[in-house]
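Some notes on the structure that comes next.
The values are calculated or read from the model by the stated rules, or taken from the named source; none is laboratory data. All values reported here derive from a predicted model rather than from experimental measurement. Here the Cβ positions follow ideal geometry from the backbone for every residue, glycine too, while neighbour counts run over all protein chains shown.
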Amino acid sequence: MKYFEEIDFNSLNCTLYPFTMKISIPIALLLLCSMGLKAQKKFLPKHEKFVFYDLAYIAFADAPAGTEQGWWSVSGDFGVMFESSWSEKGGIAYGISYSFQNFSNNHLVSTDLNSGAGLYQLASDTSFERSYQSFQYLYIPVELRFRSKKNEKNKFYRFYLGARGGVRTTGSSSIRRANSRVRFYQLDDVRRFRADAYLKIGYGNTSLYAFYALTPLYNAGDILSQDGSNANSLQNIRPMGIGLSFML
């Protein structure tokens, strides 16, 4: 009597092989998908959000002869940027910002009450106490960003090259004398739209910041000399500034 039946292992292997293949293929696919997801997660660009504030001394480039820039001439920009990194040391950012710009100088900018036309004249220090033009802009900035290390906040040197386009939301001119202060709001010769180029170089959350207007501030108008004998065009004036940028 046989208690054990002889097993044909060759036929068993032939039987199990298709079953093993059916199991191995899905497992291999799952492993490949898992590795692909890990690689995708590692190399996908990072998206970061930054709040920033820029403070700068501003002046007029290519200003008419006789222009005197005031010491209290400043701009403040506040906004938020969203960055998408193409590598650990580079990325592109875009956002939105709002800018307050006060130009202090000896330009007496007023409005002819009869015609509504703008009046511009260079003045001596004795004819006024303070004169400035105030403008506010809504900007859309775009930046190319380069870093010394991977994208870790406040732990790398930065080099940001940017450009911004904006629209003027409001503008006025103010002239203060010993016993009076007059503000003018109808400044039709000032451009509605503006474009600037700027640069930020720094470390951590602080950078040196400089900008230069790509478009002139005025689209028309002439400014009279102090004695009124000649006039210079306002269309060459381009705002510029230098200061500090803080990332919050």
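Summary of values
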read-out	value
Subset of segment 102-120 (residues that are modelled with pLDDT of 90 or more and not polar (S, T, N, Q))	PHE103, HIS107, LEU108, TYR120
Tabulated pairs, segment 223-238, first in the same structural domain as ALA213 (by TED's automatic domain parsing) and in contact (Cβ under 8 Å) with a residue 40 or more places away in the chain, second outside any strand (DSSP E or B) and of a type in the set (Asp, Glu), C-beta under 9 angstrom, 6+ apart or interchain	LEU234/ASP189; ASN236/ASP62; ILE237/ASP62; ARG238/ASP62
Leading residue by the ranking (modelled with the lowest pLDDT) among those in segment 223-234 that are surrounded by fewer than 16 Cβ atoms within 10 Å (Cβ to Cβ) and touching a strand residue (DSSP E or B) at 6+ places or on another chain (Cβ under 6 Å)	GLN226
Filter pass, ALA65 being assigned to a loop (DSSP other than H, G, I, E, B), touching a residue at least 40 places away in the same chain (Cβ under 8 Å) and either hydrophobic (A, V, I, L, M, F, W, C) or more than 19 Å from VAL190 (Cβ to Cβ) (or both)	yes
Restricting segment 126-158 to residues that are at pLDDT 95 or above and aromatic (Phe, Trp, Tyr), the residue that is nearest to SER99 (Cα to Cα)	TYR137
Qualifying residues in segment 172-184 (those that are over 15 Å from SER104 (Cβ atoms) and free of Cβ contacts under 8 Å to residues at least 40 places away in the same chain) - the one surrounded by the fewest Cβ atoms within 10 Å (Cβ to Cβ)	ASN179
Out of SER134, SER99, SER104, sole residue that is surrounded by fewer than 19 Cβ atoms within 10 Å (Cβ to Cβ), of a type in the set (Gly, Ala, Ser), in a strand (DSSP E or B) and in contact with a Phe, Trp or Tyr (Cβ under 8 Å, 6 or more places away or on another chain)	SER134
Of all residues in segment 159-200 being outside any strand (DSSP E or B) and out of contact with any strand residue (DSSP E or B) (no Cβ under 6 Å at 6 or more places or on another chain), the one that is nearest to ASP54 (Cα to Cα)	ARG191
Selection status of TYR94, in the same structural domain as THR215 (by TED's automatic domain parsing), among the hydroxyl-bearing types (Ser, Thr, Tyr) and either more than 28 Å from GLN186 (Cβ to Cβ) or not in a strand (DSSP E or B) (or both)	yes
Selection from segment 132-170 of residues that are under 18 Å from VAL74 (Cβ atoms), among the polar types (S, T, N, Q) and in contact with a Ser or Thr (Cβ under 7 Å, 6 or more places away or on another chain)	GLN133, SER134, GLN136
Cβ-Cβ under 6 Å pairs, at least 6 apart or on other chains, segment 114-136 side in the same structural domain as GLN235 (by TED's automatic domain parsing) and free of Cβ contacts under 8 Å to residues at least 40 places away in the same chain, far side loosely packed, with under 13 Cβ neighbours inside 10 Å and in a strand (DSSP E or B)	GLN136/THR169; GLN136/THR170
